[in-house]
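*Asks:* Before anything else, here's the structure in question.
The values are calculated or read from the model by the stated rules, or taken from the named source; none is laboratory data. Owing to the predicted nature of the structure, the values given are computational and were not obtained by experimental measurement. Virtual Cβ from ideal backbone geometry, glycine too; neighbours counted across all protein chains shown. Keep in mind that these areas ignore ligands, DNA and RNA; they rest on the heavy atoms of the full protein, side chains included. Shrake-Rupley method; radii C 1.70, N 1.55, O 1.52, S 1.80 Å.
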Amino acid sequence: GFTAGSDSHQMEHGTEGGIVAAFVPAQRREDIFAALYNRFVYATTGARILVSLKINGARMGSEISVCAGGRLRVEIDVLGTRALRSVELVQDNEDVFSPACEGRACRCEQELTLAKGSCFYLRVTQQDEHQAWSSPIWVDVIG
């Protein structure tokens with residue numbers, strides 16, 4: 001999954017650096033390590049942007065299978081700390097969908113048809129240049 005961090009040893013309190021965000025039921029060590037292990041995490045450049053990506057109900061970090069020609073239901077949910085410039089669904093390193101978003105929030109669903117196995121993730125960019133990237137969802141085509 002995607003994680004971020006700062007490699008500066010000169011960081012002062014309040015100075016921004018990369019952040020890894022993890023979806024956890026509680027702030028316990030075992031829950032944080034489980035989220036990292038299961039790739040239920042995402043990265044930001046320092047802004048506390050909230051990002052959620054689901055495909056056919058599977059959360060980011062998942063590996064799923066669909067039948068050849070099967071439809072994918074993509075659910076995108078983003079809440080920025082500032083106005084959003086773009087939210088892009090990336091498939092195999094190419095932008096395939098960018099919903100129209102206004103203000104700090106973006107929530108939408110999109111249907112796609114998949115012909116071959118692919119990797120999907122979200123790339124979010126705010127007006128202030130801060131960014132976030134969801135962990136990928138790997139989709140395998142069977143049949």
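*Asks:* Please verify whether the stretch 63-72 includes one or more residues that are among the polar types (S, T, N, Q) and closer than 15 Å to THR125 by Cβ. Full working, then the answer.
*Replies:* Residues of the stretch 63-72 among the polar types (S, T, N, Q): 65.
Still in the list and also closer than 15 Å to THR125 by Cβ: none.
No, the stretch 63-72 contains no residue that is among the polar types (S, T, N, Q) and closer than 15 Å to THR125 by Cβ.
*Asks:* Could you please find all residues in the stretch 1-36 being of a type in the set (D, E, K, R), surrounded by 12 or more Cβ atoms within 10 Å (Cβ to Cβ) and modelled with pLDDT of 90 or more? Lay out the reasoning, then the answer.
*Replies:* Filtering the stretch 1-36 for residues of a type in the set (D, E, K, R) gives 7, 12, 16, 28-31.
This time we only want the ones that are surrounded by 12 or more Cβ atoms within 10 Å (Cβ to Cβ), so: 16, 31.
ASP31, the sole residue that qualifies.
*Asks:* When only residues in the stretch 94-124 that are loosely packed, with under 15 Cβ neighbours inside 10 Å and hydrophobic (A, V, I, L, M, F, W, C) count, which is nearest to TYR42 (Cα to Cα)?
*Replies:* Residue satisfying both the conditions and the ranking: CYS119.
*Asks:* Residues of the stretch 52-93 being on the phi < 0 side of the Ramachandran plot, outside any strand (DSSP E or B) and open to solvent by 50 Å² or more (accessible area, probe 1.4 Å), which ones?
*Replies:* Filtering the stretch 52-93 down to residues on the phi < 0 side of the Ramachandran plot leaves 52-55, 58-60, 62-68, 70-91.
Those left that are additionally outside any strand (DSSP E or B): 60, 62, 68, 70, 80-83.
Residues satisfying the conditions are ALA68, ARG82.
*Asks:* Given the condition in a strand (DSSP E or B), in contact with a strand residue (DSSP E or B) (Cβ under 6 Å, 6 or more places away or on another chain), open to solvent by 50 Å² or more (accessible area, probe 1.4 Å) and aromatic (Phe, Trp, Tyr), answer yes or no: does some residue in the stretch 125-135 qualify?
*Replies:* yes
*Asks:* If you don't mind, there's one more thing I want to ask. For the condition modelled with pLDDT under 95 and closer than 18 Å to LEU112 by Cβ, what is the one hit in ARG59, ARG71, ARG39? Explain how you work it out, then say what you get.
*Replies:* Details: ARG59 fails: modelled with pLDDT under 95; ARG39 fails: closer than 18 Å to LEU112 by Cβ.
Exactly one residue qualifies, and that residue is ARG71.
*Asks:* Go through ALA100, ALA83, ALA58, ALA26 for me and flag whichever is in contact (Cβ under 8 Å) with a residue 40 or more places away in the chain and over 22 Å from VAL139 (Cα atoms). Talk me through it step by step, then tell me what you get.
*Replies:* Working: ALA100 fails: in contact (Cβ under 8 Å) with a residue 40 or more places away in the chain; ALA58 fails: over 22 Å from VAL139 (Cα atoms); ALA26 fails: in contact (Cβ under 8 Å) with a residue 40 or more places away in the chain.
Result: ALA83 is the single residue among ALA100, ALA83, ALA58, ALA26 that is in contact (Cβ under 8 Å) with a residue 40 or more places away in the chain and over 22 Å from VAL139 (Cα atoms).
*Asks:* Inspect all residues belonging to the stretch 97-104 and state whether any of them is aliphatic (A, V, I, L, M) and in a strand (DSSP E or B).
*Replies:* Applying the first criterion (aliphatic (A, V, I, L, M)) to the stretch 97-104 yields 100.
When the remaining residues are screened for being in a strand (DSSP E or B), the result is none.
No, the stretch 97-104 has no match at all.
*Asks:* Moving on to the next point. Scanning for something at pLDDT below 95, out of contact with any His (no Cβ under 6 Å at 6 or more places or on another chain) and of a type in the set (Lys, Arg), does the stretch 82-90 turn up at least one residue? Let's see the steps before the verdict.
*Replies:* The first filter runs over the stretch 82-90 and keeps only residues at pLDDT below 95, leaving none.
Checked against the condition, which is being at pLDDT below 95, out of contact with any His (no Cβ under 6 Å at 6 or more places or on another chain) and of a type in the set (Lys, Arg), the stretch 82-90 yields no hits at all.
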